[in-house]
Amino acid sequence: MPAVTFRDGTATGTGPAAFRVADLPAAMTARELIRLRVREEVARFNARPTDRFNGLVRPEDAEIELNGYRLREPRTLDWERQAAVAEKAFLSNGFFMLAGDRQVEDLDEEIDLSGDPELVFIKLVPLAGG
């Protein structure tokens, strides 16, 4: 069964942190893959909560830090709430997703997983000063 590697990227290339999820169907939509990624990262965080979260999107009441978010106090997160925030962020260009060598442009776009692809998520940061 196919597997996918989730990795965050930067303007200069891909970051070192990545994780792999195996035993997936042959194809999934971008929405399903984003939700899968968020569910996995929140489950890993909730297994050992700290005051720092290095996920795709900012949890409610968290402060943005370099390479992550600082929570006011350690707590567990709701993956479904985080997934909803991630979907909105994708639609408002808060990040974009690369599947292999192409950019995914629609949440309902189906991604072929038969080649065990690497999905790269590039977070976009608004420029200060307008």
Answer yes if at least one residue in region 77-97 is in a strand (DSSP E or B), over 15 Å from the mean Cα position of the chain (by Cα) and closer than 28 Å to Ala22 by Cα, and no otherwise.
-> no
Identify the residue in region 35-76 that is outside any loop (DSSP other than H, G, I, E, B) and among the acidic types (Asp, Glu) and, among all such residues, is surrounded by the most Cβ atoms within 10 Å (Cβ to Cβ).
-> Glu41
Search region 89-102 for residues that are of a type in the set (Lys, Arg) and pair each with any residue that is part of a strand (DSSP E or B) and open to solvent by less than 20 Å² (accessible area, probe 1.4 Å) when their beta-carbon atoms are under 8 Å apart and the residues are at least 6 apart or on different chains.
-> none
Is it the case that some residue within region 19-34 is open to solvent by less than 80 Å² (accessible area, probe 1.4 Å), out of contact with any Asp or Glu (no Cβ under 8 Å at 6 or more places or on another chain) and assigned to a strand (DSSP E or B)?
-> no
Output yes when any residue across region 79-88 is at pLDDT 95 or above, open to solvent by 80 Å² or more (accessible area, probe 1.4 Å) and not charged (D, E, K, R), and no when none is.
-> no
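The values are calculated or read from the model by the stated rules, or taken from the named source; none is laboratory data. The structure presented is a predicted model; accordingly, all values stated were derived computationally and were not measured. For neighbour counting, all protein chains shown are included, and Cβ atoms are generated from backbone atoms with ideal geometry for every residue, glycine included. SASA here: full protein model, heavy atoms, side chains in, ligands and nucleic acids out. Shrake-Rupley method; radii C 1.70, N 1.55, O 1.52, S 1.80 Å.
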